[in-house]
Amino acid sequence: MFEKIKLWRKKKSSSNLRERIEMIKKREIPAHVAVIMDGNGRWARKRNLPRIAGHKEGMMVVRKISRIAGELGIKTLTLYAFSTENWKRPKTEVDFLMKLPQDYLNDYLPELIEENVQVRMMGSKQNLPKHTLNALEKAIQETKNNNGLILNFALNYGSRTEIIEAVKHIIRDSRDGKIGEDGLNEEIFSQYLMSNNLPDPDLLIRTSGEIRLSNFMLWQLAYTEFWFTDVLWPDFNEQFFLDAIEEFQKRQRRFGGV
Ligand code: FPP
């Protein structure tokens, strides 16, 4: 009897989700959603678990959210998985975080291929362990012709470094005569960033109640709509994601105009 009720509840909540998705799809869908996945450590602490248990749980949420993003027709989902500052964490935690892309792609690359997802990475390849890089490069290679959701992992990413590197590149190109002062504008500058070929995010989500950018896409977020929630990333789910999209659909974007 109890099992039957559980099954009925599950069916009901999945049909509620479907209905909600259909309603949302009738309105404007953000083309690019970026997420700062925060709160894994606190989620684990609340349960007396090691921090890495929070990261493991957080990895499962990545699957849920990328699937629903694809269903909604979002073109790009950028996930902040490891910042250039995260190297300061204890070695065991860093090692664990560096294994997550590999674990995730081992389990889900076939599913990502089937769902027409294109995997990308944004961040410095320097200092990444070989096993992390190999797993990502394999996924990038095997999904490069897919034209569904772009699942963009920001890994070993830091926005200030990204901007400095862009400026250095522009100086080199200027010395080589490839670009002059007059030729530089916002659009061209954007092409020197690691997010080149991607539009700026329309919506930024940050979980866990922290209200800051933590060196994430500082240039690209200039006109992005922000949505913050107290929910910790491992507790985040499809319904919360839809809350964010619905809120985005209510906002009036003026890009400095009236
Ligand atoms: C911040 O929470 C989270 C991270 C630094 C890691 C985020 C990584 C994942 C969610 C998994 C990524 C999955 C793949 C497939 C790459 P925190 O540890 O700072 O939490 P706290 O603020 O509560 O301590």
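The values are calculated or read from the model by the stated rules, or taken from the named source; none is laboratory data. Predicted model only: the values in this text are computed from it and were never measured. Cβ coordinates were reconstructed from backbone atoms using ideal geometry, including for glycine residues, and neighbour counts include every protein chain displayed. Please note that ligands, DNA and RNA were not included when accessible areas were found on the heavy atoms of the full protein model with its side chains. Shrake-Rupley method; radii C 1.70, N 1.55, O 1.52, S 1.80 Å.
Of all accessible surface on region 153-258 at a 1.4 Å probe, what whole percent is carbon and sulfur? Mind dumping the intermediate values first?
On the way: 2810 of 5880 Å².
Carbon-and-sulfur percentage of accessible area, whole number: 48.
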With a cap of 16 neighbouring Cβ atoms within 10 Å, and only residues DSSP puts in a loop, list the GluC sites (Glu not before Pro) found in region 180-254. Glu210
With angles folded into 0 to 90 degrees, how steeply does helix 159-175 sit against the dominant principal axis of the chain? Use alpha carbons for both and round to 10. 30
Simple label model, 7 Å out from Cα along Cβ direction - Asn116 to Tyr223, nm: 2.8
If you plug each phi of region 92-101 into the Karplus form 6.51 cos²θ - 1.76 cosθ + 1.60 with θ = phi - 60°, what whole-Hz ³J(HN,Hα) values come out, in order, with x for Gly and Pro? 4, 5, 4, 4, 5, 4, 6, 8, 4, x
At a probe size of 1.4 Å, how large is the accessible area of His131, to the nearest 10 Å²? 70
Sparse-neighbour loop sites [trypsin sites (Lys or Arg not before Pro); region 153-228; at most 14 other C-beta within 10 Å; DSSP]: Lys178, Arg212
Defining a contact as two alpha carbons under 8 Å apart and six or more residues distant in sequence, what relative contact order in percent does the chain show? 27
Sorted by chain and then number, the residues having a modelled amide H within less than 5 Å of the amide H of Ile150, at least 5 places away or on another chain, are Thr76, Leu77, Gln118
Using a Cα distance threshold of under 23 Å, what count of lysine pairs results for region 61-166 when pairs must be 8 or more residues apart or interchain? 20
Can you tell me the orientation of helix 51-72 relative to the chain, as the angle in degrees between its alpha-carbon axis and the longest Cα principal axis, to the nearest 10? 90
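Write out the GluC sites (Glu not before Pro) in region 61-163 meeting two conditions: DSSP loop, and at most 14 other Cβ atoms within 10 Å of their Cβ. Please list the in-between numbers first.
Numbers: sites: Glu71, Glu85, Glu93, Glu111, Glu114, Glu115, Glu137, Glu142, Glu162; in loops: Glu85, Glu115.
Listed in order of number, the matching sites are Glu85.
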Under the Karplus relation 6.51 cos²θ - 1.76 cosθ + 1.60, θ = phi - 60°, what is the ordered set of whole-Hz ³J(HN,Hα) values for region 132-146, x standing for Gly and Pro? 5, 5, 4, 4, 5, 5, 4, 5, 4, 4, 6, 10, 4, 8, 5
Sorted by chain and then number, the residues having a modelled amide H within less than 5 Å of the amide H of Leu232, at least 5 places away or on another chain, are Ser208
Skip the ligands, DNA and RNA, and give the accessible area per residue of the chain with a 1.4 Å probe, whole Å². 56
